[in-house]
1. So what is the relative contact order for segment 41-155, in percent, with contacts set as C-alpha pairs under 8 Å and at least six apart?
2. Tell me the net charge near His105. Cut-off is 13 Å between Cβ atoms, His105 excluded, with +1 for each Lys or Arg and -1 for each Asp or Glu.
3. What is the antiparallel percent of DSSP beta bridges lying wholly in segment 41-155, to the nearest 5?
4. Give me the net charge of Phe270's neighbourhood, meaning all other residues with Cβ under 9 Å from the Cβ of Phe270; Lys, Arg count +1, Asp, Glu -1.
5. Using the beta-carbon distance between Thr234 and Ser325 and R0 = 25 Å, what value does 1/(1 + (r/R0)^6) give for FRET efficiency, to the nearest 0.05?
6. Would you calculate the separation in nanometres between label points at Arg94 and Arg175, each defined as 7 Å from the Cα along the Cα-to-beta-carbon direction?
7. Under 5 Å between amide hydrogens, which residues at least 5 positions from Ser96 or on another chain qualify, with H placed 1.01 Å from N in the peptide plane?
8. Over segment 41-155, give the accessible area per residue in Å² for a 1.4 Å probe, as an integer.
Amino acid sequence: MENMDDFSPENVLAPPPPPPPMKKSTDLFMQRSNSFVSKATRDSWDRMFDEAHGADVLIHTDDNGLIYAHSNVIGMASDVIRGMMKQHKRKSHRKSISILGVPHHAVRVFIRFLYSSCYEKQDMEDFAIHLLVLSHVYVVPHLKRVCESEFESSLLNKENVIDVFQLALLCDAPRLGLLCHRMILNNFEEVSTSEGWQAMKESHPRLQKELLRSVAYELNSLKQRNRKQKEIQTYTQLYEAMEAFVHICRDGCREIGPTKTETPHMSCGFQACNGLEQLLKHLAGCKLRSIPGGCSRCKRMWQLLELHSRICVDSEQCKVPLCSSLKERMKTQSRKDEKRWKLLVRNVLSTKRIGGSPFFLQAIDVTL
């Protein structure tokens, strides 16, 4: 008997580490459709399927078609097919099953996929819908993923999207269903005139109503988003106008303000300056502002002045005209007008939250 001391941790040598993984060579692996498989393995599985040597299963298809297969291969690939073969009670050297309801060649592509997970691109383009159904019925998840990927990348279009959408719901393919639903919403006018839509309208009216309801909801959501974007754009422009107001009246810009620039047409960092300067010059010389009904441009200018007075935090030091007077006038306004102005101020300041805003940073903290 060997000495037990020889097997102590000090004496036992650790096995050498495994060699590093070999870098895959493009010469060794060839792509066939969407599967990477060695050429030798691919050829072996193809010969086994095509020559049907030793095949012990006979598959009946539509139009009296026959396909020979090997029970061990297709049974391992699909538990459903394995169960079908177990139910075969005839005592013969070949078992018999039937796969009906789809074209014969589609079944052949399906069985071939069970052998090597390979397929020809043209076969997928011709029978993708049938293969999706077969993958679901016979529980072949990797084939279902391949079908979903092919539809997503190239096969889904406005003509077949309704059919694919219904199959996606039936075949438990949620991602594909979502892609179809998105395409239907984005191209509803064209899709709603397709043959698939008319067929669905007759065979599945409830599904059609659900789609119409989702289209109406999406259109309403789109309108709300557009309206919200326009509001944000308006509030942003008002905020920028308030900053430009202070800049013009405090520093001067081009032709208006305490100091005029040497080059009147030189641009500054405030995009609203040019328009505000035109409004200020118009207000100074307009003869219609005192007439009932007044001038629309002057009204706009007064509104901007009042908005500034509500945002400004130091009216005594402010250089903007009438800032302190308008702030005093707030006290005499109705509760309804006051509420409306406060909402506008809150929206303007919250839309343009700029850390370090040069003029209204304190107003943001006070107002919100």
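1. RCO, segment 41-155: 25 percent.
2. -4
3. Of all bridge pairs located within segment 41-155, approximately 55 percent are antiparallel.
4. Values: positive: none; negative: Glu240, Glu243.
Local net charge: -2.
5. 0.45
6. It is 3.9 nm.
7. Those lying under 5 Å, H to H, from Ser96 are Leu58.
8. Computed with neighbouring chains in place, this is 52 Å² per residue.
The values are calculated or read from the model by the stated rules, or taken from the named source; none is laboratory data. Worth saying up front: this structure is predicted, and the values here are computed from it rather than measured. Backbone-built Cβ (ideal geometry, glycine too); neighbour counts: all protein chains shown. Note: areas computed on protein heavy atoms with side chains; ligands, DNA, RNA excluded. Shrake-Rupley method; radii C 1.70, N 1.55, O 1.52, S 1.80 Å.
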